[in-house]
Amino acid sequence: MNKELLWKLSVKNEDESKHLAKSRLFQNETPYYLRLEGLLGSGKTYFCKCIANLHGIKDITSNSFLKYSMNKGSKKIFHVDYYYMNDPIAFFYNHIHEEIDDKSIILSEWTPDDLVVDIPQFTLKIVVVENFERKISFYRN
């Protein structure tokens, strides 16, 4: 998958992460698919929560055992975790694809590289530097 780097920066704490979500991730036109990449504990679900909160959704949780959730606020937010899935591509097309509309945001963790979707796709890559500091890179796929 070819990716175009759109921006790169560092955040040192949760407040900076929330500000980044509001200033850089809240403005994207919908629908879009956001792949969140990073090791366990890097902050993927935290950024999902930040984005959901900006759209009036307060109850997003980690989906490692639930596979996905769909929440409605000012946007329709799908939070998908492919970590434990046997056939993630079939899951996407059987459970999520037909539900996507012009107000949809799909926040995806552990996304398979070969998943192809027909809406704009982005990748938020999170690398832990130390403690709370994270290097964040944002790509257009």
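From Ile77, Ile51, Ile60, grab the single residue that is among the hydrophobic types (A, V, I, L, M, F, W, C), surrounded by 14 or more Cβ atoms within 10 Å (Cβ to Cβ), under 14 Å from the mean Cα position of the chain (by Cα) and assigned to a loop (DSSP other than H, G, I, E, B).
Exactly one residue qualifies, and that residue is Ile60.
Looking at segment 86-101, can you tell me whether even one residue there is among the charged types (D, E, K, R), out of contact with any helix residue (DSSP H, G or I) (no Cβ under 7 Å at 6 or more places or on another chain), part of a strand (DSSP E or B) and closer than 27 Å to Leu6 by Cα?
No; the residues of segment 86-101 include none that is among the charged types (D, E, K, R), out of contact with any helix residue (DSSP H, G or I) (no Cβ under 7 Å at 6 or more places or on another chain), part of a strand (DSSP E or B) and closer than 27 Å to Leu6 by Cα.
Would you say Tyr33 is in a strand (DSSP E or B) and under 19 Å from Ile105 (Cβ atoms)?
So Tyr33 fits the description; yes.
Just for segment 103-123: of the residues that are part of a strand (DSSP E or B) and in contact with an Asp or Glu (Cβ under 7 Å, 6 or more places away or on another chain), which one is modelled with the highest pLDDT?
Residues of segment 103-123 that are part of a strand (DSSP E or B), as a first pass: 104-109, 121-123.
Then keep just the ones that are in contact with an Asp or Glu (Cβ under 7 Å, 6 or more places away or on another chain); that gives 109, 123.
On the way: Glu109: 92, Thr123: 96.
Checked segment 103-123; the qualifying residue modelled with the highest pLDDT is Thr123.
Which residue pairs have Cβ atoms closer than 6 Å, lie 6 or more positions apart in sequence or on different chains, and pair a first residue in segment 34-48 that is touching a residue at least 24 places away in the same chain (Cβ under 8 Å) and hydroxyl-bearing (Ser, Thr, Tyr) with a second residue that is surrounded by fewer than 23 Cβ atoms within 10 Å (Cβ to Cβ) and assigned to a loop (DSSP other than H, G, I, E, B)?
Here the result reads Thr45/Ser62, each pair linking segment 34-48 to a residue that is surrounded by fewer than 23 Cβ atoms within 10 Å (Cβ to Cβ) and assigned to a loop (DSSP other than H, G, I, E, B).
Here's a check for you: in segment 22-39, which residue that is more than 22 Å from Ile96 (Cα to Cα) and at pLDDT 90 or above is surrounded by the most Cβ atoms within 10 Å (Cβ to Cβ)?
Among those that are more than 22 Å from Ile96 (Cα to Cα) and at pLDDT 90 or above, it is Gly38.
In segment 21-31, what count of residues is obtained for those that are hydrophobic (A, V, I, L, M, F, W, C) and touching a Leu at 6+ places or on another chain (Cβ under 7 Å)? Spell out the reasoning first.
Narrowing segment 21-31 to residues hydrophobic (A, V, I, L, M, F, W, C): 21, 25-26.
Imposing the further condition that a residue be touching a Leu at 6+ places or on another chain (Cβ under 7 Å) reduces the set to 21, 26.
Residues flagged as hydrophobic (A, V, I, L, M, F, W, C) and touching a Leu at 6+ places or on another chain (Cβ under 7 Å) within segment 21-31 amount to 2.
Contact list please: Cβ distance under 7 Å, first residue in segment 101-121 and at positive phi, second residue in a loop (DSSP other than H, G, I, E, B), pairs at least six apart or on different chains.
Taking only residues 6 or more apart or on different chains, the pairs are Trp110/Tyr82; Trp110/Tyr83.
The values are calculated or read from the model by the stated rules, or taken from the named source; none is laboratory data. Here the structure is a predicted model, which is why all the values come from computation and not from measurement. In this analysis, Cβ positions are derived from the backbone assuming ideal geometry, glycine residues included, and neighbour counts consider all displayed protein chains.
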